[in-house]
Amino acid sequence: MFEYSDEEEEYYRLISRGSEGEEEERLRAEMQRILDDEKIIINGSYSRAIVLSAKAEVRGLRKLSSATFFIEIPYRPLSGTNTYENMYEEAVAEYDYTVYWIMPRGGRIKSFDISGEARLSEDGRVLSVRVRSGTKVRGYESVAFELPQPVSANR
């Protein structure tokens, strides 16, 4: 979820007219292009992130907008510990954004190495990472997580 100041109220106007669909498709395609440049390795095998959808929203005030992306990464899960690694170009965040990792029931995040302010829920199922505009993003992140048994193929 990317949040930003929308001084021109572009998203407010689009949503008011019910014409945000084209912008959401543009956002989805742009995020897919960015993710296609990343190197994602899960459990030692390369994978590709897929942007399922994007949502343009106004966050209460007309000038406070956000773009939310729903992303899936197909992989072959292992019983026990699984490891996700992502390598990408180092950058400085242009907007505030938050990334959520949500584990299935019985799963839990064991460790993580990620830029931003990270919080792990008490039960270890939800990791939220807040990155503020201006934060240097290192270009590497990893998350180790444990899945319940038996494991079925996740998408």
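Tabulated data for the structure shown
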quantity: Cα→Cβ-extended label distance, 7 Å offset, between Tyr46 and Glu122, nm; calculated: 4.4
quantity: Rel. contact order, % - alpha carbon contacts under 8 angstrom, at least six apart, the stretch 59-155; calculated: 41
quantity: Per DSSP, loop GluC sites (Glu not before Pro) in the stretch 51-91 with at most 16 further Cβ within 10 Å; calculated: Glu89, Glu90
quantity: Principal-axis tilt of helix 21-36 within the chain, Cα atoms, nearest 10 degrees; calculated: 40
quantity: Mean residue ellipticity (222 nm) of the chain, computed from DSSP H runs ≥ 4 via -39,500 (n - 2.57), nearest 500; calculated: -5000 deg cm²/dmol
quantity: Cubic angstrom per residue, convex hull over Cα atoms of the chain; calculated: 122
quantity: Fully extended contour minus Cα-Cα distance, from Thr83 to Arg130, at 0.36 nm per residue; calculated: 14.8 nm
quantity: All aspartates and glutamates inside 13 Å of Lys136 as judged from Cα atoms, apart from same-chain residues fewer than 8 positions distant; calculated: Glu89, Glu90, Glu94, Asp96, Glu117
quantity: Long-range amide H partners of Ile71 with built H, under 5 Å; calculated: Leu52
quantity: Pairwise label distance in nanometres, Val92 with Glu9, each label 7 Å out on the Cα-Cβ vector; calculated: 3.2
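Rule-based calculations on the coordinates, nothing more; no lab input. Quick caveat: nothing in here was measured; it's all calculated off a predicted structure. Using ideal geometry, Cβ is built from the backbone for each residue, glycine included, and neighbour counts are taken over all protein chains shown.
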